[in-house]
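Some notes on the structure that comes next.
The values are calculated or read from the model by the stated rules, or taken from the named source; none is laboratory data. Please read all numbers here as calculations on a predicted model, not as lab measurements. We place every Cβ from the backbone using ideal geometry, glycine too, and count neighbours over all the protein chains shown. Areas reflect the complete protein model, heavy atoms only, side chains present, ligands, DNA and RNA absent. Shrake-Rupley method; radii C 1.70, N 1.55, O 1.52, S 1.80 Å.
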Protein chains: 2
Amino acid sequence: MSEKKLTLQLDFHSGLPIYTQIVNQVQSQLANGILKPGDQLPTVRALALELRVNFNTVARAYRILDEARIISTQQGRGTFITEIPPPEVSERLRQESLSALTQRFIGEAYRLGFSEREVSQMVRDSLKSWKEANVSEQD
Amino acid sequence: MSEKKLTLQLDFHSGLPIYTQIVNQVQSQLANGILKPGDQLPTVRALALELRVNFNTVARAYRILDEARIISTQQGRGTFITEIPPPEVSERLRQESLSALTQRFIGEAYRLGFSEREVSQMVRDSLKSWKEANVSEQD
DNA sequence: CCTATAATGTACTAATTGTATCATTGTATA
DNA sequence: TATACAATGATACAATTAGTACATTATAGG
């Protein structure tokens, strides 16, 4: 199951900020396999209640972990350990997502009655004008 | 047959809202010909039951698709893939709508970090495979 | 026909979640 | 002491999903 209890041990006198301790312990539990990709972490409020701290402190820890791509926090949904696809899988997903996007586009264009010629011509034109409009602000 | 099973794969941890995933996958299946104009989609309640989500989440996805004129939801009747409107629109409107569609597509692709090369290559491939897959059923 | 009922989508609201901003507290240091 | 800054807390907000009641349509029984 992807619902975890997430037992953390805080030391309020250690000098380490609470949020740092949360960050460290989540990282170490992930390293130890106690947490796994896809696992859902407790909500900021639930964990805060359990640890007897303000939920903003937990949110801060989660934000740091999120920025480090260790977890993925989703407003209205919850917080999850990030799936870490190996690079070759990542590239495959990349291509699949572009393929899906392209097929949706082409399918919609055909559905609206446009021909292959029209579609490919419009794509060429649009790519060209996009490039011209952005030559100066390439990153 | 106009009654479809509509198999969708949701990823509850992907970061994409459920309703977005439903929207994307319906569009994708339409683009791939798995869904066709006139097909009836499952009712909001039936699909919600199958996906284990609230039926309002499905209703939200259907509403978005409806606003995009991709499906037609009819209270008391059901939900259907829209029939292709005959291109009775003027040529100018036709070109404008294709241009808008194309720019949305290209903008999204760039936003996802794909290069011009990747986009144009994928468009070529997709056009080619679509043509091959549909030579026999051209209308 | 007319009416009752079931099936369907709609509208509005509530609950759950994370986010943003500012206030408070504690501590180090000039 | 006074000031600056980091950590934490309080409050309001936003996004997503769920709950409830209702309107519309189709259909079966009389």
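The figures follow:
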| read-out | value |
| --- | --- |
| Check on B:GLY33, more than 12 Å from DNA strand C (Cβ to nearest atom), within 13 Å of chain A (Cβ to nearest Cβ) and over 19 Å from A:GLN103 (Cβ atoms) | no |
| Some residue of segment A:61-69 being acidic (Asp, Glu), outside any helix (DSSP H, G or I) and over 30 Å from B:ALA100 (Cβ atoms) | no |
| Candidate set from segment B:36-49 (those that are assigned to a loop (DSSP other than H, G, I, E, B) and more than 14 Å from chain A (Cβ to nearest Cβ)); member that is farthest from DNA strand D (Cβ to nearest atom) | B:PRO42 |
| Filter pass, A:THR57 being within 14 Å of DNA strand C (Cβ to nearest atom) and in a helix (DSSP H, G or I) | yes |
| Number of the condition not met by A:ARG52 [criteria: (1) farther than 22 Å from B:SER14 by Cα; (2) surrounded by fewer than 16 Cβ atoms within 10 Å (Cβ to Cβ); (3) away from DNA strand D (no atom under 13 Å from the Cβ)] | (3) |
| Looking only at segment B:68-86, and only at residues there that are open to solvent by 70 Å² or more (accessible area, probe 1.4 Å) and within 10 Å of DNA strand C (Cβ to nearest atom), the one that is farthest from the other protein chains (Cβ to nearest Cβ) | B:GLY76 |
| Selected residue (criterion: farthest from DNA strand D (Cβ to nearest atom)) from residues of segment A:9-20 that are polar (S, T, N, Q) and farther than 19 Å from A:ILE70 by Cα | A:GLN9 |
| So A:ALA100, is it modelled with pLDDT of 90 or more and among the aliphatic types (A, V, I, L, M) | no |
| Selected residue [within 26 Å of B:ASP11 (Cβ to Cβ) and more than 20 Å from the chain's Cα centre (by Cα)] from A:LEU16, A:LEU47, A:LEU41 | A:LEU47 |
| Selection within segment A:5-44 - open to solvent by 50 Å² or more (accessible area, probe 1.4 Å) and of a type in the set (Asp, Glu) | A:ASP11 |
| Complete set of residues in segment B:55-67 that are within 14 Å of chain A (Cβ to nearest Cβ), of a type outside the set (Val, Ile, Thr) and within 12 Å of DNA strand D (Cβ to nearest atom) | B:ASN56, B:ARG60 |
| Residues within segment B:21-46 that are in contact (Cβ under 8 Å) with a residue 12 or more places away in the chain and within 16 Å of B:ARG69 (Cα to Cα), tallied | 14 |
| Test for A:ALA61: is it over 19 Å from B:HIS13 (Cα atoms), buried (at least 16 other Cβ atoms within 10 Å of the Cβ) and under 17 Å from the mean Cα position of the chain (by Cα) | yes |
